[in-house]
Amino acid sequence: MEVRVIAQDEINSLLSLNEDHFNDVKSKRINPAKLQETFVAFANSDGGDLYVGIEDKSESGERIVGFEEQEDANAIISTLLEETAPAVENVLIEFLEVEGRGLVLHFGIPKSPKVHYTASGDCYIRINASKRKIKGERITQLGYSKGAEPYERKALDNVDLEDIAESDLLKSYMERVGSQLEPEAFLRKQRLLTKKDGDRVPNVGAVLLFDDEPQATLETRCAVKVYRLRTTEAEYKREQLEEMPVTVNGDIENVIGKTIEQVANYIDGASFEDGGKIIKMSYPSEALKEILVNAVIHRDYSLNDDIHVRVFDNRVEVQSPGKLPGYMNLENLYDERFSRNPNVVRMLHNLPDPVNHDIGEGLDTAKNELKKAGLVDPVFSEKENAFIVTIKHKKIASLEEVILQYFADNPDGSLTNKLVRQLSGEDDMQKVKIALQKLRSSGEIKPEDENANAFNFRYIKA
């Protein structure tokens, strides 16, 4: 096993390490079974780094008290790697040698796509700087969130098989894919029926695809809410809603189509007024479509929340229930592929002219379309139990280019610092001020009124 001698800088970093959601230090004296609880918690959550051979900050005296020999850590390594069920894959293991103070055992634990248990059969998750034991339904929810147990295959014994088998939506689908099977046989073959108490009953995937009103049938919310907000601020007030949010209901294919249509309607009118002039925003429709499709087909349907699409004056935010599934994270979004609802994705993809043409390529397509339109890449974030994609109306072009382009399009126009920020998507007022001063110094623009109040200062073409 690799032994790496570490310098004083790295030693200092280890000693100053704060135990948090991603880091923990433990004494070498810890019981292996107790340490396994922390190991499992990291794997079940977002991964992290575990260092064994470092005393807690509350201890007085020397804090690095490592193993004398690698073999002294065998019981710990064996318990964590061989007795965790199932075994956690791709764990980094190394010894960090600190001169005169022994070997610190380092585990680099990845976020796992599976749910893991200790040798005693207990399940833990990481919450900030501590671990928490979970049971029953909470473990089931963890499995759904990871994609280890697809919620789309959950049996729904409150739904009559005949209602799905005889639905017009299923009939239309089978005609389009050219299936000659009996409806029940088709549903069974497509894994849209799940056994419960000896009977095959429709599952969540079947309802999402072929129920007229999945929003009324499912226990959790599965609609899309679309908002038009007359503001650029991060927080908005009720009075900034142009109208009450539009709720899009129906089967998953229709929800996708209606959502794209509603967002396109708002985007067409995405504009704001400045000095009596209407300034229009422009977004590539294909980028918006791909992100909206991704939100609907990859969301976590086990969570009791709708998808929220907010069209602001200078951006579009798409908030989808559920954090990234499996081994997906914010860093590998463009490189890795993991489908939380593989059956739903496959069924939609099998249609002629499917909404999800290139499986796994949606975000790449959105990024490329935004680039063609001269806009920056989409921004991804996770908040509480949701994944958010933000499409900013922020130009790749420099601020100076944005300003000059405005005057090329509006020779008799005038602009303010605020208008430049809205046009460019740049939030930093000082950066815009510097760009305006630079163009003023070069003689490209000039003040409309030298004596105007600072808050009303406007520039015109020189």
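Test residue 275 against the criterion of being over 23 Å from the mean Cα position of the chain (by Cα), at pLDDT below 95 and not β-branched (Val, Ile, Thr), and give yes or no.
So residue 275 passes the test.
Looking for whichever is open to solvent by less than 70 Å² (accessible area, probe 1.4 Å), modelled with pLDDT of 90 or more and more than 33 Å from the chain's Cα centre (by Cα) here; the options are 366, 435. Which one fits?
435
Please specify each residue of region 149-177 satisfying the condition of being surrounded by fewer than 17 Cβ atoms within 10 Å (Cβ to Cβ) and either in contact with a Ser or Thr (Cβ under 8 Å, 6 or more places away or on another chain) or under 23 Å from residue 299 (Cβ atoms) (or both).
158
Here's a check for you: in region 100-124, which residue that is in contact with a Ser or Thr (Cβ under 8 Å, 6 or more places away or on another chain) and of a type in the set (Phe, Trp, Tyr) is nearest to residue 138 (Cα to Cα)?
So, considering only residues that are in contact with a Ser or Thr (Cβ under 8 Å, 6 or more places away or on another chain) and of a type in the set (Phe, Trp, Tyr), the one nearest to residue 138 (Cα to Cα) is 124.
Quick one: which residue in 351, 303 is buried (at least 18 other Cβ atoms within 10 Å of the Cβ), aliphatic (A, V, I, L, M) and either farther than 20 Å from residue 262 by Cα or under 13 Å from the mean Cα position of the chain (by Cα) (or both)?
Checking each option against the conditions leaves just 303.
For residues that are among the small types (Gly, Ala, Ser) and in a strand (DSSP E or B), scanning just region 48-93, find the one that is farthest from residue 17 (Cα to Cα).
Here the answer is 85.
Can you pull out every residue in region 144-155 that is at pLDDT below 90 and either in contact with a strand residue (DSSP E or B) (Cβ under 7 Å, 6 or more places away or on another chain) or not aromatic (Phe, Trp, Tyr) (or both)?
145, 146, 147, 148, 149, 150
Scanning for something touching a residue at least 60 places away in the same chain (Cβ under 8 Å), at positive phi and of a type outside the set (A, V, I, L, M), does region 164-186 turn up at least one residue?
Among the residues of region 164-186, not one is touching a residue at least 60 places away in the same chain (Cβ under 8 Å), at positive phi and of a type outside the set (A, V, I, L, M), which makes the answer no.
Would you say residue 103 is over 29 Å from the mean Cα position of the chain (by Cα), open to solvent by less than 60 Å² (accessible area, probe 1.4 Å), modelled with pLDDT of 95 or more and not aromatic (Phe, Trp, Tyr)?
Taking the combined requirement at face value, the residue satisfies it.
Yes or no, residue by residue, for (1) open to solvent by 10 Å² or more (accessible area, probe 1.4 Å); (2) at pLDDT 95 or above; (3) among the aromatic types (Phe, Trp, Tyr); (4) part of a loop (DSSP other than H, G, I, E, B):
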{"site": "202", "(1), (2), (3), (4)": "no, yes, no, no"}
{"site": "215", "(1), (2), (3), (4)": "yes, yes, no, no"}
{"site": "219", "(1), (2), (3), (4)": "yes, no, no, yes"}
{"site": "226", "(1), (2), (3), (4)": "no, yes, no, no"}
{"site": "235", "(1), (2), (3), (4)": "yes, no, no, yes"}
{"site": "244", "(1), (2), (3), (4)": "yes, no, no, yes"}
{"site": "247", "(1), (2), (3), (4)": "yes, yes, no, no"}
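The values are calculated or read from the model by the stated rules, or taken from the named source; none is laboratory data. For clarity, every value in this text was computed on a predicted model and none was experimentally measured. We place every Cβ from the backbone using ideal geometry, glycine too, and count neighbours over all the protein chains shown. To get the accessible areas, we keep the full protein, side chains included, count just its heavy atoms, and leave off ligands, DNA and RNA. Shrake-Rupley method; radii C 1.70, N 1.55, O 1.52, S 1.80 Å.
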